[in-house]
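To keep things clear, I will list the structure first and then write my remarks on it.
The values are calculated or read from the model by the stated rules, or taken from the named source; none is laboratory data. This is a predicted model, so every value here is computed, not measured. Every residue, glycine as well, gets a Cβ built from its backbone with ideal geometry; the counts of neighbours run over all protein chains shown.
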Amino acid sequence: MYSAGKGTPRDLSLSYAYFKLSKVAPAKNVTEMASMLSKPELENAERLVAAWKPQPTALTLKAFAGITAAEDHLNAAKNQAF
């Protein structure tokens, strides 16, 4: 998306950063994209990668809350001896 500029301005540095952060992008593609960047662009992209921290989405937080509620319900049921 960022490399082609479809729906967003073309940004090869950001595209490279997302490729590098991806666990499914082949190393060959990451290396190929790196070769398309100038040295300052590559340095900027590497800073983006280094600064990236995963953040839970609202859906993830809701799922965790549901799991916690289910675990609490199970623990309460176990504590009510037969």
Checklist outcome for this item: Of the residues in segment 30-39, those that are surrounded by 14 or more Cβ atoms within 10 Å (Cβ to Cβ) and farther than 14 Å from Asp11 by Cα number 1
Item to check | Long-range neighbours under 7 Å by Cβ, at least six apart or interchain, first residue at negative phi within segment 25-44, second of a type in the set (Lys, Arg) and surrounded by 12 or more Cβ atoms within 10 Å (Cβ to Cβ) | outcome: Val30/Lys20
Checklist entry - With respect to Leu42, is the statement that it is modelled with pLDDT of 90 or more, assigned to a loop (DSSP other than H, G, I, E, B), buried (at least 16 other Cβ atoms within 10 Å of the Cβ) and touching a helix residue (DSSP H, G or I) at 6+ places or on another chain (Cβ under 7 Å) true? => result no
